[in-house]
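Notes follow once the structure below has been shown.
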């Protein structure tokens, strides 16, 4: 759920237009024609959604006649349109002091207080608005309810507005935002599109549509929507913030910096702009600058997930481990399914000496079928420190194996009855419902799990998580084609990394490799900086013999993630060897092996590199080690079989190659059969 602070720009510009005519009708006391002309320009700018120009012209009107209450009121409306509740309240106070009718300002004050993060006060004040401004007041009240977490109440309030005024663009964009916060992405898309159709100058709707498109189609597809809003108001702060963040995720850092500077030009104390600049500084390794910039947010973003993650990383980098732990613990509490946050918190707890705390945090991630080696190694080390050697060995052994599971969100280790009770206590909580479904799957009750998942999808057809639950259950049943269909429905609503990974895995496992490749290409076309997508693309490039492309992809990744990723280095070894650069391949393989000598994939890469450079005996030793660690891995046996064949150990070669071919998923079947034929 988006936090109240980020609601600051949710519907400000669209609301700003609503009461303009009424305000304009207030008796004016302007003494100068210039003040009247400036105010007319301000009102015109508000009508076309340009709150920045409206503010500038209203300020000119106030300067020309500082005693004109209406000018101060219109300036307040412009500030509301820009999401600046503090400045708006100050202008409303000046308007009242200059004679503006206080009875006409209740909804304006309510809006200002909402933007300042005081939804309770906003609700009370909105209730005082006269019937003439009821629509505006109810919308502010609905947004305040949403800020308090009462999303059903907010939707109900907005439904009353739309029942009376079905063509109210601002109400539709408010409804879109509330639906977005409830996870109803399809409903949010419908509402935002309706708002734009009714009023193309609704900048809040354009910005919301950009956010939705970013999730639905990708980063690059979202940029034109933010740009459309900024064409109408070059300094519209909410769009600038979303635009800057999207540019940064797409790797366009110079453009990101420019957008944050524009945001600071219109709002010099913009905490969001300083935060984004801090993220940019941290990404470039300038941690001192990042800390300075986070301090300039003056605590306004404290508690928000992104800020907690960044602040914790800066604390950890500065060896302030307890501070990092406190921030990441709060983040995990807010986002219990955030794998990155759990991994970071677990590592920090282990480093601080709290091995049991690390186990508690990391257990849901380590129970995943595709748990990464780093997390598994952390769990293994934590068990070592608690004296549980058997458990430690199990997880350390898993850490050395190539991941073989699918990308399900979490494993579970709670009793199904407990999970079911939690879900019944709060049936509207999708996290509890999904946890219960996974508990049913783990307990082997897949039939009940599937029925529950499908019921959840029928109840919330616009929520991607519901369709993911159906797909995950089908995947647990081995029905990958059905899983792919469910994941497609989720992807039609929100095409992010978890959905992409699941969909590709299900398509690949159901024999639809070409379609899986198309999905990956589409995702990377919109999210070119996504690390998981690039890793997968590189491996497919290697498998397809496109080694030069794989090298380009992997070297780009290495620049970003560094030289301590053993899997990445071993992939580079295979790519360079495939491109006939055995020496470079061998150097990468050695580097990977130094980092992870017990990882069978890394050991295999080193052995294969030695084989390609003519060291058959050294290759045999390493490949034997790899097979001993992961005897079920067909590719490792295939590599060892080829080395044995060249060493003249025909019987052993046949045994290894035969074992590889017994795996239905073994891809090099034709080449293996040809080698077996030469062995007689």
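Just one of the numbered conditions (1) in a helix (DSSP H, G or I); (2) over 23 Å from residue 233 (Cα atoms); (3) modelled with pLDDT under 90 is not true of residue 30: (1).
Go through region 95-187 and tell me which helices (runs of 4 or more DSSP H), entirely inside it, have 1 or more residues that are closer than 30 Å to residue 493 by Cβ and free of Cβ contacts under 8 Å to residues at least 40 places away in the same chain.
Working: elements: 106-115, 119-126, 134-147, 151-164, 169-182.
By residue number, 134-147, 151-164, 169-182.
Surrounded by fewer than 24 Cβ atoms within 10 Å (Cβ to Cβ), touching a helix residue (DSSP H, G or I) at 6+ places or on another chain (Cβ under 7 Å) and within 20 Å of residue 138 (Cβ to Cβ), is that true of residue 165?
Numbers: surrounded by fewer than 24 Cβ atoms within 10 Å (Cβ to Cβ): yes; touching a helix residue (DSSP H, G or I) at 6+ places or on another chain (Cβ under 7 Å): yes; within 20 Å of residue 138 (Cβ to Cβ): yes.
Taking the combined requirement at face value, the residue satisfies it.
Each residue in region 576-598 was checked for being under 25 Å from residue 377 (Cβ atoms) and either in a helix (DSSP H, G or I) or touching a residue at least 60 places away in the same chain (Cβ under 8 Å) (or both), and 11 pass.
For region 191-203, taking the residues that are part of a helix (DSSP H, G or I) and farther than 16 Å from residue 217 by Cβ, the one that is farthest from the chain's Cα centre (by Cα) is identified as 198. Between 66, 42, 56, the distinction of being on the phi < 0 side of the Ramachandran plot and surrounded by 21 or more Cβ atoms within 10 Å (Cβ to Cβ) belongs to 42 only.
Take residues that are under 22 Å from residue 497 (Cα atoms), without any contact (Cβ under 8 Å) to a residue 12 or more places away in the chain and not assigned by TED's automatic domain parsing to the domain that holds residue 387 and tell me which of the helices (runs of 4 or more DSSP H) falling wholly in region 268-372 contain 2 or more.
Numbers: elements: 271-283, 287-295, 305-317, 321-334, 339-352, 355-366.
Output list is empty.
Out of region 450-459, which residues are buried (at least 18 other Cβ atoms within 10 Å of the Cβ) and either over 23 Å from residue 339 (Cβ atoms) or modelled with pLDDT of 90 or more (or both)? Correct list: 450, 452, 457. Consider region 260-269 and keep the residues that are at pLDDT 95 or above and surrounded by fewer than 24 Cβ atoms within 10 Å (Cβ to Cβ). The one that is farthest from residue 524 (Cα to Cα) is 264. Set side by side, the residues 536, 524 differ, and just one is surrounded by 19 or more Cβ atoms within 10 Å (Cβ to Cβ) and in a helix (DSSP H, G or I), which is 536.
The values are calculated or read from the model by the stated rules, or taken from the named source; none is laboratory data. Remember, predicted model here, so these are calculated numbers, not experimental data. Cβ coordinates were reconstructed from backbone atoms using ideal geometry, including for glycine residues, and neighbour counts include every protein chain displayed.
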